[in-house]
Amino acid sequence: MVGAYDNSPCYNAGMPSELVFLKLGGSLITDKARARTQRTEAIQRLAEEIAKARRDAPGLQLLLGHGSGSFGHMEAEKFGTAGGVKTAEDWIGFAAVWGAADALNRLMMDALAAAGVPAVRVAPSSNTILDNGQVAEISGEPVRRALNSGLVPVVYGDAVFDRTRGGGIASTEMIFSALAPVLHPDRILLAGIEPGVFSDYPVRAALLPRIRAAEGKIPHSVLEGSEHTDVTGGMLSKVMTMLALIRREEGLEALVFSGAVAGNVYRALLGEELAGTRLEK
Ligand code: IPE
């Protein structure tokens, strides 16, 4: 499924290193209620927290992912892109989703560069193929080479070609899941606007401290998808995708936590214990 790559020498060879996949959720970096509305201050702060974490933990290797929030989701909803792409109008929609996802990524890349993070984008639209809505092929080599060169590769939710449906949408979690078996991350961090996963969303009174992959089912009736337009299924489908990965990958855990609290992303990257929802085997 994933192209082979050689193991070229590591930039920080000899230093104890840890590979972390960090997602900045679309709700954290955009206002999901308003089309194409980025949260500029949050984006800058998060970029600075990432820069500081890299300075304070030189062994940290980071694959950064970010959601599409009110950029890609609204275009994808308008054109029904997640259900497949067939007609000429559907393809115009596919390009519109691509453009919206790209526009938000540009803002993220600029903020990372301004904060001094040597980040390079690895666009899923160019390195991933879906089949029936699932990742069929992804090239891990650009990500691995970027990591080995001391860079921060950046992936994001994107419009992606699909062998049977023409086109579709890949969420950041789908990209993380496809890359994990070749890159073997030590930890996955999912930073959103919420402090974790609630069992009574949108009431938000009962935060789940952990969800065990082995327990199989999560309560669909109480774990709502999303309050806003979300073509990739909201929190429910993101958690399901991560639990399926955790079941397959030995020793892998994920933490869903709030990136809206200043300092949390920095602390999480440094491996501090944070409040949130742990997704474990
Ligand atoms: C969604 O990606 C991609 C598009 C709609 C183009 P994600 O599922 O990773 O994004 P968020 O976190 O829900 O915004």
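Bear in mind that the values in this text are calculations on the coordinates, not laboratory data. Just so it is clear, the model here is predicted, and its values are computed rather than measured. Methodologically, a virtual Cβ is constructed for each residue, glycine included, from the backbone with ideal geometry; neighbour enumeration extends over all protein chains shown.
A few notes on this one:
- Dipole moment magnitude, nearest 20 debye, segment 97-222 about Cα centre, only Lys, Arg, Asp, Glu C-beta charged: 180 debye
- Of ALA214, ALA100, ALA113, the one that fluctuates the most in a GNM where the chain has Cα springs shorter than 10 Å: ALA214
- Sequence ranges 182-192, 78-88, ranked by mean other-Cβ count within 10 angstrom, highest first: 182-192, 78-88
- Antiparallel DSSP beta bridges within the chain, as percent of all bridges there, nearest 5: 35 percent
- Using θ = phi - 60° in the Karplus curve 6.51 cos²θ - 1.76 cosθ + 1.60, the 3J(HN,Hα) couplings for segment 96-113 round to 5, 5, 3, x, 5, 4, 5, 5, 5, 4, 4, 4, 5, 4, 5, 5, 5, 4 Hz; x is entered for Gly and Pro.
- Rg of the Cα atoms in segment 232-281, relative to 2.2 N^0.38 Å, amounts to 1.23.
- Net charge of Cβ neighbours under 13 Å - reference PRO118; Lys, Arg +1; Asp, Glu -1: +3
- Taken over the chain, lysine pairs spaced eight or more positions apart, or on distinct chains, with alpha carbons under 15 Å apart number 5.
- Residue exposure proxy: LEU24, LEU270, ordered by other Cβ atoms within 10 angstrom of their Cβ from fewest to most, comes out as LEU270, LEU24.
- Proximal charge balance of LEU207 [Cβ under 11 Å; K/R count +1, D/E count -1]: 0
- The chain: most fluctuating residue of GLY271, GLY167, GLY140 per GNM, C-alpha cutoff 10 Å: GLY271
- Per-residue [θ]222 nm for the chain (sum of -39500 (n - 2.57) over DSSP H runs n ≥ 4, rounded to 500): -11500 deg cm²/dmol
- Highest-fluctuation residue, VAL261, VAL117, VAL135 considered, GNM on the chain with Cα pairs under 10 Å: VAL261
- Distant-in-sequence amide H partners of VAL160 (H built 1.01 Å from N, under 5 Å): GLY168, ILE169, ALA170
- Taking the average, over residues, of other Cβ atoms within 10 Å as the packing measure, peptides 126-134, 91-99 rank 91-99, 126-134 from highest down.
- Electrostatic bookkeeping for SER237 treats Lys and Arg as +1 and Asp and Glu as -1; over the other residues with beta carbon under 11 Å from its beta carbon, the sum is -1.
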